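Take a look at the structure set out below.
The values are calculated or read from the model by the stated rules, or taken from the named source; none is laboratory data. No experiment lies behind these values; they were computed from the predicted model shown. Note that we place each Cβ from the backbone using ideal geometry, even for glycine, and neighbour counts take in every protein chain shown.
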């Protein structure tokens, strides 16, 4: 298993909507993530900067690598109005480098 982290940017004022959409995440999207070896997936929000920090355990590919699937394309389109996105609606995502870990 590999742990990866990345950051994304939420548009100002959309914290509650972002949380609501994730509280109601589509079951078929959750199934796709699990089927592709993604587990222990957490997203944190830095409310001062509207920066989202995602952390996930992988035995396969990252959630950011599933953009060719229809369900992920629909999710990205659904989220595009509240996040910084690329032209294909994928979230602007920057990988983070691990500098410390404690078990």
Give me a count of the residues in the range 67-77 that are in a helix (DSSP H, G or I) and either closer than 20 Å to residue 45 by Cβ or within 15 Å of the chain's Cα centre (by Cα) (or both). 7
Considering only the range 64-84, state which residues are touching a helix residue (DSSP H, G or I) at 6+ places or on another chain (Cβ under 7 Å) and more than 24 Å from residue 37 (Cβ to Cβ). 82
Within the range 3-18, is there a residue that is under 27 Å from residue 101 (Cα atoms), at pLDDT 95 or above and outside any strand (DSSP E or B)? no
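Considering each of 46, 65 in turn, give the residue that is loosely packed, with under 15 Cβ neighbours inside 10 Å and closer than 19 Å to residue 29 by Cα. Steps first, answer last, please.
On the way: 46 fails: closer than 19 Å to residue 29 by Cα.
That would be 65, the only listed residue that is loosely packed, with under 15 Cβ neighbours inside 10 Å and closer than 19 Å to residue 29 by Cα.
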Test each condition in (1) surrounded by 11 or more Cβ atoms within 10 Å (Cβ to Cβ); (2) out of contact with any helix residue (DSSP H, G or I) (no Cβ under 6 Å at 6 or more places or on another chain); (3) farther than 17 Å from residue 85 by Cβ; (4) at pLDDT 95 or above for residue 37 and report the one that comes out false. (4)
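Mind listing just one residue for me: the one in the range 78-95 that is outside any loop (DSSP other than H, G, I, E, B) and surrounded by 13 or more Cβ atoms within 10 Å (Cβ to Cβ) and, of those, nearest to the chain's Cα centre (by Cα)?
Just the residues of the range 78-95 that are outside any loop (DSSP other than H, G, I, E, B), to begin with: 78-79, 83, 85, 91, 94-95.
Of the ones still in play, those that are also surrounded by 13 or more Cβ atoms within 10 Å (Cβ to Cβ) are 78-79, 83, 85, 91.
Numbers: 78: 13, 79: 10, 83: 11, 85: 12, 91: 8 Å.
The selected residue is 91.
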Please work out which one of (1) closer than 25 Å to residue 97 by Cα; (2) part of a helix (DSSP H, G or I); (3) touching a residue at least 12 places away in the same chain (Cβ under 8 Å) is the condition residue 34 fails and give its number. (3)
